[in-house]
Amino acid sequence: MDLLTKSKSTTPLTYKIKGSDYVLKDQENVCSSSLELTKKAAIKEAYFMYGNQLLSPIQHAVPYGTKIKIVVEATNMVGMALELELYKAKNRDDHSYNKSSIRTKNKVIINSHGKAIVEFELQKDWAKDHKTHTYLYVGAESDTFGSYFTKEFHSRMVLAYQEGDVLDDAIEVVGVKMKNKYNPDHSDFHDPVINPQVRGWYNKSSRINKDSNISGWNPYASMNINKNAKHNFIDEVIKYGKPQRATGGHGGIDIYAPVGTPVYACVDGEITHHEMLSSKGGFMTQITGEYKGEKYHFQYLHLMQIEKERFRFYNNYGSKNVLNDGWLKYTELTEELIDPIMKEKYKMQYSGTKIQIDNNTIDIDIAIMIEDKMMVKKGQIIGYTGSTGNSYQGKAKNHLHFGVKDMSEKRISPYELLKKHIKLDISGKETSKKQDGITPSSKW
């Protein structure tokens, strides 16, 4: 699915006749040997940027008076003209198309890189009727290729902000320096989970690890290392201590993340897997993209599986048999769910397009948009954490399994590749109380 959808007309097939573009008229066919079908021209996606930062209305608010950019990416449209229009919406769920809501228009030409970029300012006079949150979206108009709008995809809208607006805790006001405000975007890499912490709670009945006197606190078990196989320990790994896993090797790193925590594309790339695995990994999304000039597969496992009318964050695995294989219908949710295996309570709320689970909000529209072969931008939400596969161990142990492979499918230690971006508290003194299975690390 493209991040932009065509909402008015169907893209006509373009042919070449005597070297010039030609669009078939009604009743014409392609029997003529002089006609040659050319590649389809299409807009792939459009989005808003502040500097080099991708903007999302559930992560960012943009003050009036701020300059931002609209970026349109197209295929086989170099040199073609578009008219980009900025619309105002009543809210994120407003799907009407009202010409009177147009705030600005710009005529642009697709450049040699297949992009059109327009910088504009959120005019302060647009805030005159700003009573509730104002959302802006892009319309791309072409006489040949119809109209394209970003508003069906909430992650491609912009939230306008004026002083005094009350925002969700997770929303950052761009361009405003806030003391001690954590930034999950590290230029060439975005946190897969905001403020990622190695999962520390592992097995309370296991012996205490050599660096902590807290029973059950064992972040070593969350690392990419092999159980007891000393001859396989590489120098970069053995310094973390001896692992204590009841099973064999571990092919990634477990990052603390309560059920429903948003996960983000760590790099620009393509989704190359988005499916429920038959193995212990549960629901997985994989992005293939570049980090520091090298191409990798970045894997997100044990995710929540979200569909239009139902979802699940756990499922049947091994000896764990649960009702309906874990599927829950939105319309049948109650205010409290007791999970059938660990018997722990989850607060639940459904409001049409969102699910609230404890302190996390899941945007259903964003989740069901994600699919295989989709191109994503660094910092874009690509799913939500769950406990699918073999990870169903209770709230405090809930986690994202984050794995990395090179292009030959060889596993890479995520911590060694990304240690400056992932926090490891060996003793547990600071984070053992914070990893409560309810509060996401983004709110620490």
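The values are calculated or read from the model by the stated rules, or taken from the named source; none is laboratory data. Since this is a predicted model, take the numbers as computed values, not measurements. We place every Cβ from the backbone using ideal geometry, glycine too, and count neighbours over all the protein chains shown.
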Matching residues in the stretch 112-136 - criterion: being at pLDDT 85 or above, out of contact with any strand residue (DSSP E or B) (no Cβ under 8 Å at 6 or more places or on another chain) and of a type outside the set (Gly, Ala, Ser): 113
Filter the stretch 204-218 down to the residues that are in a loop (DSSP other than H, G, I, E, B) and at pLDDT 75 or above, then identify the one that is surrounded by the most Cβ atoms within 10 Å (Cβ to Cβ). 218
Looking at the stretch 50-69, I want the residues that are closer than 17 Å to residue 182 by Cα and have a partner that is among the hydrophobic types (A, V, I, L, M, F, W, C) and surrounded by fewer than 17 Cβ atoms within 10 Å (Cβ to Cβ) with Cβ atoms under 6 Å, at least 6 apart or on another chain. Which pairs are those? 61/167
Condition met for residue 166 (part of a loop (DSSP other than H, G, I, E, B), under 18 Å from residue 65 (Cα atoms) and at pLDDT 70 or above): no
Subset of the stretch 219-236 [touching a helix residue (DSSP H, G or I) at 6+ places or on another chain (Cβ under 7 Å) and either at pLDDT 70 or above or in a loop (DSSP other than H, G, I, E, B) (or both)]: 223, 224, 225, 226
Out of 428, 389, report the one residue that is crowded, with 17+ Cβ neighbours inside 10 Å and either in contact with a helix residue (DSSP H, G or I) (Cβ under 9 Å, 6 or more places away or on another chain) or at pLDDT 95 or above (or both). 428
Please find, among 249, 293, 269, 282, the residue that is among the small types (Gly, Ala, Ser), modelled with pLDDT of 90 or more and under 18 Å from residue 389 (Cα atoms). 282
